[in-house]
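Engineer: The structure that follows is given in the form of C-alpha cells.
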Amino acid sequence: MKRKMYFCSSGFRDYQQESMAIFNQISGKLKKTAIVLAIFLSAAGNAQELNCTVQINHQQIQSSDKEVFKTMQTAIHEFINDRIWTNQKYKQFEKIECSILITIQSWPQTDQFTGTIQVQSRRPSFESSYNSSLLNFFDKDCNFTYIESQPLDFADNTHLSNLTSVLAYYVYVIIGLDLDSYSPQGGTEYFTKAQSIVNNAQNDPEKGWKSFENQKNRYWLIENLLNQNYNAIRDCYYKYHRLGLDVMAEKTEIGRNSITEGLEALQKLKRAQPNVFFFQIFFAAKADELVNIYSEATDPEKQKVIKILNELDPSNSSKYKKILGK
C-alpha cells in the first residue's frame, strides 16, 4: 500500500510558501557562488604572463632620501606584472618566472638615474621540479627618467620613456624565448615587438638602442634572434628544452641526444659566423647546467660534448672540465 500525505488548503499554502522561500534562498546562494567562481576562472584564464621579481639596488647612492627607490621598485613591479602583454591566456601556474635587478650607479638630478639592469628568466622542465635558465643578460646601459607622481606609460608604436621602453623590450624578449622553448620559432611575434621598440628608440639620446654603439647591446640581441641566418640559435632553444630537458625525466639518453644535436647546430653556425653576439648570452644562461646534464653521460659522449663546448664557449673551458670529474 502506497504512502499518502494529506494537507488542508491553508496548510498546503504555508508549506508551498516556505518551500519557495527556501528554494529562493538556496538559488540566490548558488547564483552568488557561480558569479564568484566565474570571476575567479576568468581571472585565472586571463592571468598576466609574468611572475617577475623586481629589485632596485641603490647602495652606491649616498643620500638620506631613499623613499624614491621603494616607489620605483613598486611601480616597475606593477608595470611588468599587472600589464597584459600578449593575446594568449596564461593560467596562474603557467606564468613565466623571471627577475629584474636594476643597480643605480648615480643620481645626477632629481628625476634622472643611471645604472645597469640584469634580466633573468626560467622555465620548468616536465615531470621535474627543476627550472632551467633561459636568459641571464647584463645590460650596462640603463639610464632613465623616473618621476614618483607619474604613472609608467608605454605604447608599442612610440617611444614614451626610456625606462618603460627598456622594461617592455625585455618583457617581450623573455616571452619570446619562453615560447621558442615550447615550439619551433614560437616567439617570433614578441621578438618582432621588441625590435619595434628598438626602432622607435633610434632618436633617443640614451644608449643601448643603436647598432654603432657597440656589438653587445639591445640592438644586437634582438637582431641576432630575428636574423634568419642564425636560426640555429632559436632551434636550439626548442631542441634543448622541449625535446631535451622535458624528455630527460623519462628518457634520459634520448633527451640528452636532442640537446647535443642543438649544440652541434650551434657549432656549425659558430664556424660560419664566429662573432654572433647571442652565443655569449646563451652560454651565460647554460654553462653550469650543461655541466650537470653531461656529467652522467657515457665517456665517449662526454669527450664529444666537451670538444663542442670548448669551441662554442672557450671562456668557460675550465668549467666544462668538470664534466669529466663528476
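The values are calculated or read from the model by the stated rules, or taken from the named source; none is laboratory data. Keep in mind that what you see is a predicted model, and the values were worked out from it rather than measured. FYI the Cβ positions are ideal-geometry reconstructions off the backbone, even for glycines, and counts take in every protein chain you see.
Engineer: I'd like to check something: does region 179-186 contain any residue that is in a loop (DSSP other than H, G, I, E, B) and within 19 Å of ILE76 (Cβ to Cβ)?
Structural biologist: No, every residue in region 179-186 fails to be in a loop (DSSP other than H, G, I, E, B) and within 19 Å of ILE76 (Cβ to Cβ).
Engineer: Just one of the numbered conditions (1) surrounded by 13 or more Cβ atoms within 10 Å (Cβ to Cβ); (2) over 22 Å from VAL173 (Cα atoms); (3) over 26 Å from the mean Cα position of the chain (by Cα) is not true of GLU213; which one?
Structural biologist: Answer for GLU213: the failing condition is (2).
Engineer: Please verify whether region 203-217 includes one or more residues that are free of Cβ contacts under 8 Å to residues at least 40 places away in the same chain, touching a helix residue (DSSP H, G or I) at 6+ places or on another chain (Cβ under 7 Å), among the small types (Gly, Ala, Ser) and closer than 20 Å to ARG271 by Cβ.
Structural biologist: Within region 203-217 (the criterion being free of Cβ contacts under 8 Å to residues at least 40 places away in the same chain, touching a helix residue (DSSP H, G or I) at 6+ places or on another chain (Cβ under 7 Å), among the small types (Gly, Ala, Ser) and closer than 20 Å to ARG271 by Cβ), the answer is no, since none of the residues qualifies.
Engineer: Of all residues in region 234-247 being closer than 29 Å to SER211 by Cα and out of contact with any Leu (no Cβ under 7 Å at 6 or more places or on another chain), which is surrounded by the fewest Cβ atoms within 10 Å (Cβ to Cβ)?
Structural biologist: Among residues in region 234-247 that are closer than 29 Å to SER211 by Cα and out of contact with any Leu (no Cβ under 7 Å at 6 or more places or on another chain), the one surrounded by the fewest Cβ atoms within 10 Å (Cβ to Cβ) is ASP235.
Engineer: Checking ILE76 against (1) part of a loop (DSSP other than H, G, I, E, B); (2) modelled with pLDDT of 95 or more; (3) under 21 Å from ILE147 (Cβ atoms), which test does it fail?
Structural biologist: (1) is the only condition that ILE76 fails.
Engineer: Under 21 Å from GLU223 (Cβ atoms) and surrounded by 18 or more Cβ atoms within 10 Å (Cβ to Cβ), is that true of TYR146?
Structural biologist: Considered against the rule, which asks whether it is under 21 Å from GLU223 (Cβ atoms) and surrounded by 18 or more Cβ atoms within 10 Å (Cβ to Cβ), TYR146 comes out as no.
Engineer: Right, here's the next one. Among the residues of region 100-114, are any in contact with a Lys or Arg (Cβ under 6 Å, 6 or more places away or on another chain), among the β-branched types (Val, Ile, Thr), closer than 26 Å to GLU206 by Cα and modelled with pLDDT of 95 or more?
Structural biologist: no
Engineer: Does LEU290 satisfy the condition of being under 21 Å from GLU97 (Cα atoms), touching a residue at least 12 places away in the same chain (Cβ under 8 Å) and over 20 Å from the mean Cα position of the chain (by Cα)?
Structural biologist: yes
Engineer: Among the residues of region 45-55, is there at least one that is assigned to a strand (DSSP E or B), surrounded by fewer than 16 Cβ atoms within 10 Å (Cβ to Cβ) and touching a residue at least 12 places away in the same chain (Cβ under 8 Å)?
Structural biologist: yes
Engineer: Please go through region 241-259 and give me each residue that is touching a helix residue (DSSP H, G or I) at 6+ places or on another chain (Cβ under 6 Å) and among the β-branched types (Val, Ile, Thr), ordered by number.
Structural biologist: Listed by number, the residues that qualify are VAL247, ILE254, ILE259.
Engineer: Does at least one position in region 248-256 carry a residue that is buried (at least 22 other Cβ atoms within 10 Å of the Cβ), within 18 Å of PHE282 (Cα to Cα) and either modelled with pLDDT of 95 or more or not polar (S, T, N, Q) (or both)?
Structural biologist: Within region 248-256, none of the residues are buried (at least 22 other Cβ atoms within 10 Å of the Cβ), within 18 Å of PHE282 (Cα to Cα) and either modelled with pLDDT of 95 or more or not polar (S, T, N, Q) (or both).
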